[in-house]
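Structure, as structure tokens:
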Amino acid sequence: PKLANMVKRGALIVLEGCDRSGKSTQCSNLVNYLTACNIDSKLLKFPDRTTSTGQMINSYLTNATELNDQAVHLLFSANRWEAMDNMRSMLLSGTTLVVDRYVYSGVAFTAAKGLDMNWCKQPDVGLLTPDLVLFLDLPIEAAEQRGGFGEERYEKREMQINVRELFLQLQDSLWQLIDANRTMQEIEMDIRQRVLSTLDTIHDKPLKQD
Ligand code: DGP
Ligand code: NA
Ligand code: NA
């Protein structure tokens, strides 16, 4: 057998949620935990604002530039596409990837502006399929009690209500809903347990793209 076939691949774990759901904190805590367990893992975040598409996205999100909704949607998708080769090789070499936002954010945020959901899905067709999607669900009132939303383009009550509705419509068989209206520790324990069970089951499943 080829050497590549003998290495256990890593898992593609995605965390999704509205702004203020605690997602980014949970992603980094999860990677720290996996690392402490000697599980090779890496944190990734979309949008990755460091690349050239990411810089265009950043300037749009911070209201420094205007772009039409279709153009910015394609930029977010390109920002994921340009990471794919690297992600695939890390997964195949055994690294588990914990990804802060993915295609579900891509569809939910643009569709929340009124664009057709099917159109929104198309540019992401063919990206790597996650092994697990954890959706951190937080009622809008609880999100606001966490100090309110920030200053960026989408961080407004009406937008976040629409985004949450759309996220919930995007639920598929990969999803597990996480009640994010609990203490950080409770959420963290819940996430750990779900990720460890996924890690136990993925190794005989090939990496998929759809
Ligand atoms: P974050 O850096 O995770 O706070 O994300 C920045 C903002 O962009 C946030 O409001 C969510 C939104 N967002 C993330 N991914 C996408 C995407 O693919 N498309 C669109 N339209 N918005 C996205
Ligand atoms: Na944000
Ligand atoms: Na993001």
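Stretch residue 129-residue 74 to full length: gain in nm at 0.36 nm per residue minus the Cα-Cα span?
Numbers: separation 55, 0.36 × 55 = 19.80 nm, distance 1.87 nm.
Extending this stretch completely gives an extra 17.9 nm.
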How large is ³J(HN,Hα) for each residue in region 81-97, as worked out from phi by the Karplus curve 6.51 cos²θ - 1.76 cosθ + 1.60 (θ = phi - 60°), to whole Hz, x for Gly and Pro?
4, 5, 8, 4, 4, 5, 5, 4, 5, 5, 4, 5, 8, x, 8, 7, 9
Once the dipole of the chain is set up with Lys and Arg at +1 and Asp and Glu at -1 on Cβ about the Cα centre, which of 37, 174, 25 lies farthest towards its positive end?
37
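If I stretch the segment between residue 50 and residue 117 completely, what's the gain in nm (0.36 nm per residue apart, minus their alpha carbon distance), one decimal? Each step should come with its number before you reach the end.
Working: separation 67, 0.36 × 67 = 24.12 nm, distance 2.77 nm.
Going from the current span to full extension adds 21.3 nm.
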Ranked from highest to lowest mean number of other Cβ atoms within 10 Å per residue, what is the order of the peptides 56-67, 77-88, 141-152?
77-88, 56-67, 141-152
For the chain, the convex hull over Cα atoms projects on average to an area in nm² of 11.7
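Give the percent of DSSP beta bridges with both residues in the chain that are antiparallel, rounded to the nearest 5.
Values: 1 of 20 bridges.
Bridges in the chain are about 5 percent antiparallel.
What's the local net charge at residue 162, with K and R +1, D and E -1, over the other residues with C-beta under 11 Å away?
Numbers: positive: 113, 156, 157, 164; negative: 158, 165.
The answer is +2.
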Taking 7 Å along the Cα-to-C-beta vector as the label spot, tell me the residue 165-residue 144 distance in nanometres, rounded to one decimal.
1.6
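If you stretched the chain out fully between residue 38 and residue 93, how much longer would it get, using 0.36 nm times the residue separation minus the C-alpha to C-alpha distance?
Numbers: separation 55, 0.36 × 55 = 19.80 nm, distance 1.50 nm.
Extending this stretch completely gives an extra 18.3 nm.
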With x for Gly and Pro, the residue-by-residue ³J(HN,Hα) of region 50-59, computed from phi through the Karplus equation 6.51 cos²θ - 1.76 cosθ + 1.60 at θ = phi - 60° and given in whole Hz, is 7, 7, 5, 5, x, 5, 5, 4, 4, 6
Under a plain spin-label model, where a point goes 7 Å from the Cα along Cα-to-Cβ, how far apart in nm are residue 86 and residue 172?
2.4
From the phi of every residue in region 30-36, what ³J(HN,Hα) in whole Hz does the Karplus formula 6.51 cos²θ - 1.76 cosθ + 1.60 yield, where θ is phi - 60° and glycine or proline is x?
5, 5, 4, 5, 4, 4, 5
What does the accessible area per residue of the chain come to in Å², with a 1.4 Å probe and no ligands, DNA or RNA counted?
49
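Before rounding to the nearest 500, sum -39500 (n - 2.57) across all DSSP H runs of length at least 4 in the chain and divide by the residue total; then give [θ] at 222 nm in deg cm²/dmol. Write down the numbers at each step before the final one.
Numbers: 10 runs with 101 residues, N = 210.
For the chain, the value works out to -14000 deg cm²/dmol.
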What's the local net charge at residue 204, with K and R +1, D and E -1, over the other residues with C-beta under 15 Å away?
+2
Simple spin-label model, 7 Å along Cα-to-Cβ: residue 210 to residue 59 in nm?
3.7
How large, in percent, is the carbon and sulfur part of the accessible surface of region 9-201 at a probe radius of 1.4 Å?
51
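If you put +1 on each Lys and Arg Cβ and -1 on each Asp and Glu Cβ, how big is the dipole of the chain around its Cα centre, in Debye rounded to 20? Please report the intermediate quantities before stating the final value.
On the way: 23 positive and 28 negative charges, 114 e Å.
My answer is approximately 540 debye.
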Find which of 163, 115, 187 sits farthest along the positive direction of the dipole of region 84-210, computed with +1 on the beta-carbon of Lys and Arg, -1 on that of Asp and Glu, about the Cα centre.
115
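The values are calculated or read from the model by the stated rules, or taken from the named source; none is laboratory data. Only a predicted model underlies this, so the values are computations on that prediction, with no experimental measurement involved. Here Cβ is always computed from backbone atoms with ideal geometry, including for glycine, and neighbour counts include all displayed protein chains. The area values use the complete protein model at the heavy-atom level, side chains included, leaving out ligands, DNA and RNA. Shrake-Rupley method; radii C 1.70, N 1.55, O 1.52, S 1.80 Å.
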